[in-house]
1. Output ³J(HN,Hα) for region 97-104: one whole-Hz value per residue in order, computed from phi by the Karplus curve 6.51 cos²θ - 1.76 cosθ + 1.60 with θ = phi - 60°, and x for Gly and Pro.
2. May I ask you to rank Arg230, Arg76, Arg63 by accessible area, largest first, using a 1.4 Å probe over the protein chains only?
3. Carbon and sulfur together cover what percent of the accessible area of region 1-45 at a 1.4 Å probe radius?
4. Please report, as a whole percent, how much of the solvent-accessible surface of region 194-299 comes from carbon and sulfur atoms (probe radius 1.4 Å).
5. Karplus couplings for region 74-87 from phi (6.51 cos²θ - 1.76 cosθ + 1.60, θ = phi - 60°), rounded to Hz, Gly and Pro as x?
6. What is the Cα centroid distance between region 41-100 and region 144-192, reported in whole angstrom?
7. Test of understanding: what is the full-extension gain from Glu35 to Ala55, defined as 0.36 nm times their sequence separation minus their Cα-Cα distance?
8. Roughly to the nearest percent, how much of the accessible area of region 92-141 is carbon and sulfur, given a 1.4 Å probe?
Amino acid sequence: MSSKKKTVFKGCATALITPFSKGAVDYESLDRLIEYQISEGADALVVCGTTGESATLDDDERREVIYFSVTKVAGRIPVIAGTGCNNINKAVELSKYADECGADAVMTVTPYYNKASATGLIKSFVKIADSVKIPVMIYNVPSRTGIDIPIHVYKELAQHDNICAVKEASGNIVTVEKILYSCANMLDVYSGNDDMILPVLAVGGIGVVSVVSNILPKKVHDLCAEFESRRINESAQIQLELLDIINAMFSEVNPIPVKSAVALLGACSDEMRLPLCALDAHKLNELKNVLKKYDLEIK
């Protein structure tokens, strides 16, 4: 990437769940989850992202989770704050707050429901990037937002000194290749799909924002580290070994399965906020069977 821009992390960033208890954020469990991630080798944390149920956190809760996470991590690994919203003024305010309280970067998703033209996307991301001093990671996830960032928009945004990275979750490896080719090393690219970590690394990506690493952070870290060390066969083997648990984590709308899995392992409750709700008995039993295959102890 351009020497003017900062690489936020290489390897595995866990898209951390937000634990709840009796309707409120469970900070005791969040504390344990953060410590577990650091002790197991996660290279960074993303808080208040989609997996963290950001859509049902109110503004005060998002600020509190960001502040708590930054304070708890205390510089040991980068903390990336999810600040995206389809109200761009709100995204700006959340991004400013994340910057002020010490987050290492912000991740901001394409505006959903109201969507945007190409020009609107550029103006929106630039407005957010202009409002902060820390790096901005664009998050492209068309299956949720209804809009796929065009390559020419990436190319335009890559010229901004503060727009440093993209979490690419379209599921299209050709899109990843086009971003890397068109943006001439001006954007770091991270896989937004656990089943595409190795393919994205192979074409020039530098890591993943992972759901599965909520459960197996060391495995996902090792997958990336083996590739970085040019042990490609070993990296590929880990990618294949993770396939069953990756499929299990997306057997229902994310983050339902991953929060259910973390709860089964005794790290927090499986409480979610509507419209998300717990797995039915059949899918929960299937999830238990998959966890056992990975020698994960169900409490």
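1. Karplus values, whole Hz, x for Gly and Pro: 4, 4, 4, 5, 8, x, 4, 7.
2. Details: Arg230 170, Arg76 115, Arg63 70 Å².
These residues rank, largest area first, as Arg230, Arg76, Arg63.
3. 47 percent
4. Carbon and sulfur: 54 percent of the exposed surface of region 194-299.
5. 6, x, 5, 9, x, 10, 10, 9, x, 10, x, 6, 7, 9
6. 21 Å
7. Once the chain is fully extended between Glu35 and Ala55, it gains 4.7 nm.
8. Reported share for carbon and sulfur atoms: 51 percent.
The values are calculated or read from the model by the stated rules, or taken from the named source; none is laboratory data. Bear in mind the structure is a predicted one, so any value in this text is a computation, not a measurement. As a convention, Cβ positions derive from the backbone with ideal geometry for all residues, glycine included, and neighbour counts pool all protein chains shown. Note: areas computed on protein heavy atoms with side chains; ligands, DNA, RNA excluded. Shrake-Rupley method; radii C 1.70, N 1.55, O 1.52, S 1.80 Å.
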